[in-house]
Amino acid sequence: MSHVAVERSLILLRYAADSPEGLSIREASRELGYSPSIVQKLINALKAQGYVVQDETTGRYRLGPAAVQLGLVALSRLDLRRLSRPHLEKLNRETGETVLLGIARDRHAVYIDKVLGSQPIRMDAPLGVDRPYNCTAVGKVLLAGMPDEKLEKLAAEGAFERRTEKSVYYVDAVRAEIKKVREQGWALDEGEYVPGVECVAAPILDHDLRVIAAVTVSGPSEHIEKKLDYIAEKVKACARAISREMGARV
């Protein structure tokens, strides 16, 4: 098979994956600009290897067991920390501030990687140490990705903490904060965990669009406030890039 045929076959597989009702030979031909005979020939080859199967009722093609197995193998080998590292370093260069990667662990968030800021005054945080969900930007993002019942359970267990005068810890206030995070797609910690320190975080998604982690930029309030909009956009872009590495279509 020529490299052109291989490329077209991969494009057809992607097209099939993006077609909820299945791939139609005529529609694929029209959309992709290939002749119907070429599409049929490529589909036949993919079908022979189990990468697509044909619906006997509609005649359309969808991903087959070989494609599903290949995808599952790839997903099982993804390494969040390793794949995220280049993106964390890029975000660090763009903002000059400390960048952290966090995940959910039981009743707390925990940082699993970091790139320290280049500023004389910068934020640092130990890896592997618990942080409250309610008063950290990473924690808020992780909470926003959980079912509402989980939030209520955490509140009932006393997981929400008051670390500073600005901490949002009453359950009604936490609900309102999480609603805001879900609507805008990012979270802000305005000195809620450490006085004078602000953090901006955004969610990292997996192939099922579930929140599996969060990336945050953290620094002195005077640094973050001066360029909040810029930092928020860069954090969201970084989170999207890592999400794509994890198989999310974003």
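Structure above, values below:
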quantity	calculated
Dipole moment magnitude, nearest 20 debye, the chain about Cα centre, only Lys, Arg, Asp, Glu C-beta charged	780 debye
Stretchable slack from D79 to E7, in nm (0.36 nm times residue separation minus alpha-carbon distance)	23.2 nm
Carbon + sulfur, % of accessible area of the range 34-147 - ligands and nucleic acids excluded, 1.4 Å	54 percent
Cα Rg over Rh - the chain, Kirkwood	1.11
Distance in nm between pseudo-label sites at T57 and R210 (7 Å out along the Cβ direction from Cα)	2.9 nm
The chain: most fluctuating residue of L205, L127, L32 per GNM, C-alpha cutoff 10 Å	L32
Shape parameters for the range 141-250, alpha-carbon atoms, Rg then Dmax in Å	14.3, 40
The chain - percent relative contact order, Cα under 8 Å, separation 6 or more	15 percent
Residues of the range 160-248: accessible area per residue with a 1.4 Å probe, Å²	49 Å²
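The values are calculated or read from the model by the stated rules, or taken from the named source; none is laboratory data. Treat the numbers as computed from the prediction; the structure is a model and nothing was measured. Backbone-built Cβ (ideal geometry, glycine too); neighbour counts: all protein chains shown. To get the accessible areas, we keep the full protein, side chains included, count just its heavy atoms, and leave off ligands, DNA and RNA. Shrake-Rupley method; radii C 1.70, N 1.55, O 1.52, S 1.80 Å.
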